[in-house]
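Participant: The structure under discussion is supplied below as structure tokens; questions concerning it will follow.
Read-outs: derived from the displayed coordinates by stated rules, not from any lab. Remember, predicted model here, so these are calculated numbers, not experimental data. Cβ placement follows ideal geometry from the backbone for every residue including glycine, while neighbour counts extend to all protein chains displayed.
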Amino acid sequence: MAGGKMKKDKQKGPRAPSNHYQGGVTFHKSKGQHILKNPLLVDAIVQKAGIKPTDTILEIGPGTGNLTKKLLEAGKMVIAVELDPRMVLELQRRFQGTPFSNRLKVIQGDVLKTDLPYFDICVANIPYQISSPLTFKLLFHQPAFRCAIIMFQREFAMRLVAQPGDNLYCRLSVNTQFYARVSHLLKVGKNNFRPPPKVDSSVVRIEPRKPRPEVNHKEWDGFIRICFIRKNKTLGSIFKQKNVLSLLEKNYKTLQALQGSQNVSLSGNDDMEIARLGDESMEMDDGMDDDMDMECDEAEGEGEVSEFKNKVISVLKEGKFEEQRASKLSQESFLTLLSMFNKVKASVEFYTVNAKEGPSFNGRRKSILKEFITKHNVPNHVPDELVECSSQDDEVPKKPNVKSKETKMN
């Protein structure tokens, strides 16, 4: 056209295949295979790990061995856990006939299902989809190791190190920092990997606390789950929810019936474990479900308020936690509140078991648990350790007398 420029049509040829391979091995993004290609970053990770010449190092997801080589140069021995058999062969081929071959042990398998051997330090560039379960598997590993240097997706890493009041502070933050000291080391751009992931990453240092906190782990996890149902709501409003009170009371009644207790209390063996929530485990805590969908109706205006609820709310008021929010509380505050729940005793019987009418529950006999739950329609919100296989000689106890809600409780 006059006064204009002719736009030339560019001929588009066939697109070149993606060059996501090294040494003839193709990497699969769907399996979380993103190999570190920046040698300066590899050196920085090894330096941050503080490896001693006598250390046994656990490497998770070694890939083609770029980081493995540096670890072998720094430590005494490297135990590499790899799921992909192609990567296992590549590792063995790379170090075969070298001075490192006798100091490298390769375990093929899923690290979440593998019994890990003794190690001093863990260094890992892991598939991001296993970040949460792997973190807690390491935290509960015995004997405890010195530290772990792990590459995480950046948002997950920021949740690990978040402090009370931060936007990303969640159950993951509380649980991880309760069992370990966590610090952020490096921010890693996505272009440092082959193939590059969609998001940036971060390197985090995790040091398990020694000695490990002496708490009931399931009780602690259940308690934190309640507090973070709505992390920005007050604890008073959370513990007044009908579903929360109902769940706690049902769990309580089940435990007390199985233990043959004649008096109700609010903690461990003789007390009610108020925060025990059932089968969900801490290992599945990814910190992404802080505001989970739960009914938020409060148990108000339904006639006489239960003694159980009164005891729960009185604990919150006594410790001045009723107006506090989980998003602002420190680990010390959560421990204080849980300790207060475990010290308060209720004065009313919810469930009684007559030993003469059914098998004795003395000595913590739990062998008839499954039949008891089935016949009496008791919700299965009891600890895993109480579940045992029933014997043929056991009988199902008669249904205990449950007090009506309309009956005034002493």
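Participant: Need one number: nm distance between label points at Lys37 and Lys250, each 7 Å from Cα along Cα→Cβ, rounded to one decimal.
Facilitator: With each label placed 7 Å out from Cα toward Cβ, I get 5.3 nm.
Participant: Given a Förster distance of 25 Å, report the FRET efficiency between Lys190 and Glu73 from their Cβ-Cβ distance, rounded to the nearest 0.05.
Facilitator: With R0 = 25 Å, the Cβ-Cβ based efficiency is 0.40.
Participant: How big is the stretch 29-208 by Rg and Dmax over its Cα atoms, in Å?
Facilitator: 15.5, 54
Participant: With r defined as the distance between the Cβ atoms of Arg86 and Lys198 and R0 fixed at 25 Å, what FRET efficiency is calculated, to the nearest 0.05? Don't jump to the answer; show the numbers that get you there.
Facilitator: Values: r = 23 Å, r/R0 = 0.93.
After rounding, the FRET efficiency stands at 0.60.
Participant: How much net charge surrounds Met158 when only other residues with a Cβ under 12 Å from its Cβ are counted (Lys, Arg +1; Asp, Glu -1)? Don't jump to the answer; show the numbers that get you there.
Facilitator: Details: positive: Arg154, Arg159, Lys187; negative: Glu155, Asp166, Asp200.
Net charge in that neighbourhood comes out at 0.
Participant: Place a label point 7 angstrom from the Cα of Asn232 along the Cα-to-Cβ direction, then list the residues of the stretch 136-175 whose backbone nitrogen is under 16 Å away.
Facilitator: Residues 164-171 qualify, since their backbone N sits under 16 Å from the label point.
Participant: How large is ³J(HN,Hα) for each residue in the stretch 326-341, as worked out from phi by the Karplus curve 6.51 cos²θ - 1.76 cosθ + 1.60 (θ = phi - 60°), to whole Hz, x for Gly and Pro?
Facilitator: Going residue by residue, I get 4, 5, 10, 8, 8, 4, 4, 5, 4, 4, 4, 5, 4, 4, 5, 4 Hz, with x marking Gly and Pro.
Participant: Let me ask something else about it. Could you give the length gained on full extension between Glu307 and His217, defined as 0.36 nm per residue of separation minus the Cα-Cα distance, in nm?
Facilitator: 29.7 nm
Participant: If you count the DSSP beta bridges with both ends in the stretch 29-208, what percent of them are antiparallel, to the nearest 5?
Facilitator: 45
Participant: Continuing with the same structure: When Lys and Arg each count +1 and Asp and Glu each count -1, what net charge do the other residues less than 15 Å away from Gln96, Cβ to Cβ, add up to?
Facilitator: Net local charge, Gln96 excluded: +4.
Participant: Work out the FRET efficiency for Gln96 and Arg146 from their Cβ-Cβ distance, taking R0 = 41 Å, and round it to the nearest 0.05.
Facilitator: 0.85
Participant: While we're looking at this one, here's another question. So how far apart, in nm, are the two label points at Lys137 and Ser183 if each is 7 Å from Cα heading toward Cβ?
Facilitator: 2.7
Participant: Which net charge results for the neighbourhood of Glu323, defined as the other residues with beta-carbon distances under 12 angstrom from its beta-carbon, given Lys and Arg at +1 and Asp and Glu at -1? Mind dumping the intermediate values first?
Facilitator: Working: positive: Lys233, Lys317, Lys320, Arg325, Lys328; negative: Glu322.
Residues near Glu323 contribute +4 overall.
Participant: Here's another thing I want to ask about it. For Asn216, enumerate residues with amide H under 5 Å from its amide H, sequence gap 5+ or separate chain, H modeled in the peptide plane.
Facilitator: Amide H neighbours of Asn216, under 5 Å, 5+ apart: none.
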